[in-house]
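Below: one structure, written as structure tokens.
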Amino acid sequence: MTAFHTLSRAELYDALDSSAAGLSEAEAAKRLRQYGPNELTVRQQVPEIVKFLLQFKNFFALLLLAGGALAMAAERLDPGAGNLYIAIALLGVVLLNAVFTYIQEHQSERIMDSFRRMLPAMVTVLRDGHPKRMAAAMLVPGDVILLHEGDRVPADGRVIIANDLEVDCASLTGESEPQRLDPDARHDNILESRNMVFSGTLVQIGDGHVIVCNTGMTTQIGGIVALTKSTESTETPIHRELGYFIRVISAIAIALGVMFFIVSVAIGNGAIASLIFAIGIIVANVPEGLLPTVTLSLTMASKRMAAKNALIKNLESVETLGSTTVICTDKTGTLTQNRLGVNTVVLGDREYAADEAGISGDPICDTALQCMALCNAAELTEDGFSGDATDGALLQYVRQVADLDAILRTEKIAEQPFNYAARCMIATHRLPGNDTPRAYLKGAPEAVLDMCDRIMRDDRTEALSTERRDAVIDHYRTLAARGERGLAYAWRPAADSDLPQDGYIFIGLTGMIDPPRPEVPEAMARCHEAGIKVVMITGDYGLTAATIGRQIGLITGTGTVIHGEELAALGEAELAETLRDRDEIIFARIAPAQKLQVVQAFQALGETVTVTGDGVNDAPALKNADMGVAMGRMGTDVAKEASDMVLMDDNFATIVSAIEEGRTIFDNIKKFIAYILTSNIPEILPFIAFVLLDIPLPLTVLLILCIDLGTDILPALGLGAERPETDVMKKKPRPRHERLLSRNLLLMSYGIIGMIQAAAGFFSYFVILYGGGWQWGQALASDDPLYRTTIAGRGPRSRAPPSW
């Protein structure tokens, strides 16, 4: 294998038959056929026959199989008594359940596979010299990819351009600290060579260009995958709850079966007859439709959630959705439309509508447009842009009002990417015909103003006095009050430093609008009605966030806006008191670490917290939350990996719909359990009455199975697939630890409703018997028309075991 990390730049291009401009589409297509798609074969495939056989390992199936084996044994001991039919029926029910559950799980796997295809890993690639967004699976050796903060590296490659590029290689090397990369750094050990990036690692800071060297199973992580077997998945909470239910019901069934076997033998019935009665009691207790119904319920729910643009990564998280009490949500792209656009430009003392700026040709306008375009980490593509939404909107604006290509014809010297601590970005360029480089500064107005000592006014500069600074802040507040997101711009000559940190000349402001999503106000009202508190956590200015909050109904009164500096000054007790006592809260100018602090504070109060996020720095909050929700369109791979659910449309209203489905799934399974348990008593008592009260057997084992397959499975499937109740979002969130099978549910099903059903059944049974002239203690032949009327089947001639 070629040691790409040791080659010179020229040798590297020769070895890959490529260049800094990447490949052509035709050459890439040729190499794709040669090397295959950039994919990993992660898991061993389980044979379908093994998947089918695994359906027989649940306790209910084993119980019914044991009953069938006992019936077969009874048939051998007493041939011709009809026990063979019981055995065949029991085995048939187990087989039917296994087939149905296998089919549903197979369909569920196909659905989940389709979900994964709905969320492809996308990457920006240079093809024919132009950036293009495409699926990472289409990468080939020789491609040049553009990496930005938050991206997951899609293949092994050599760094050819790096702007403060730091990559987290912990998934591959175990190193906890991100590694700063340098195109010219080399090392004999490829994993220690700082000029290489590896598939599966994460870009933490900066951006860069990388030429792909290896793809798919030929990457470093591909070699590890080839030697690693997949591990078994952990048991989900819903499976644990079902396991608890099965254990309880099985214990009841076995206890009743054993007890009445002993009673039957004690009052003089034969062992074989008593065994059949015991089997009947056990069969009457076993809910044959449980597992198929649960599987169908989850499958239907996943389909409904997918149709509503919510991808659930783990089904167990659906339960958490149903108990959510607090939603901590971003603003941009989640509550708003993520159609950020420049609406206002403030230059000097003048305010322009966006389409006016650039028309006048003033030096201050030209400088502002240069700063927007050059102090920028986004890339325009055929279908929009790649990178940060704010930077992308600025590039699109400059392209509308000026010659963007002409502005971009510069030599980039250095760049300091945006970071949350400094709240600004710096880029230094040398313009054509100008020997002195220019440093351009863009960021939060308060941060930019702190780095400026002068201000541009028309074609001259003046000292940035206190009055001038206050005037800029007033303009900024005016923009924020209109719901516009303010950004400030500045520049200075950079003769003495590539990335100067002070001495800038203030240029002006832009106000950017991202209108609220039209469906969010209704979703917000549904949250309030459902007892769910919604908290906005944003990096925007407080006044801007509050304006959007009022537009969407998050704030209906005065509300509470807490800025990052204020949050940092609050102690744990003060923060807990604020979160507990205030209903309408917005956190503004919040750093990602503070987002995690808010989440943990809510959890300490006993709240079940759902959190949205899209950036690398959101990952800790997403992972720590009870339910992490990542954005499917604008979210980084890091955020998606840390989350439990991905919103394919980045829409807050989708979260509310998913919570509704989460509540519905739990309710549907609980309805089904209550339904099947109430039918157990009317099926058990006829056997008990036959043994103890000297009456004709009201129900046979075969008849119970027929009834169960009709009254348990089919209606229960309807319950499992039932749509949400109209008032499901008008109830308070359920307790997190509420059990599927509670003591009250068991008492209600067995002790009250089941008894009422049994009484009604016995009443009808005895009305028919006495109406036909039957006397207490009278034996009825199995072919007696009266007995056939009562059970619609064959029965005993006396108290002897029936001829099944």
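The values are calculated or read from the model by the stated rules, or taken from the named source; none is laboratory data. What you see is a predicted model, and the numbers here were worked out from it, not measured in a lab. Please note: Cβ atoms are built from the backbone with ideal geometry, for glycine as well, and neighbour counts cover all protein chains shown. To get the accessible areas, we keep the full protein, side chains included, count just its heavy atoms, and leave off ligands, DNA and RNA. Shrake-Rupley method; radii C 1.70, N 1.55, O 1.52, S 1.80 Å.
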### Query
Accessible area per residue, 1.4 Å probe, Å², for the chain: what's the number?
43
### Query
Looking at the P(r) of the chain, how many percent of alpha-carbon pairs lie beyond 33 Å?
63
### Query
Within the chain, which DSSP H helices have Cα atoms that stretch 24 Å or more along the helix axis and a mean Kyte-Doolittle hydropathy of at least -1.0?
59-77, 83-118, 237-266, 290-307, 652-678, 754-771
### Query
Say the dipole of the chain comes from +1 at the beta carbon of Lys and Arg and -1 at that of Asp and Glu; which of 436, 632, 26 then lies farthest toward its positive end?
632
### Message
So for each of 433-439, 159-165 I average, over its residues, the number of other beta carbons within 10 Å; can you give me the resulting order with the highest mean first?
### Response
159-165, 433-439
### Query
Once the dipole of the chain is set up with Lys and Arg at +1 and Asp and Glu at -1 on Cβ about the Cα centre, which of 770, 620, 126 lies farthest towards its positive end?
770
### Query
Can you give the Rg to Rh ratio for the stretch 416-507, taking only C-alpha atoms and Rh from Kirkwood?
0.99
### q = 0.09, 0.12 Å⁻¹: log10 I(q)/I(0) that the Debye formula gives for the stretch 625-764, counting C-alpha atoms only
-0.46, -0.67
#### Entry: Cβ-defined net charge surrounding residue 517, 12 Å radius [Lys, Arg +1; Asp, Glu -1]
-3
### Message
Accessible area of the chain with a 1.4 Å probe: how many percent of it is carbon plus sulfur?
### Response
55
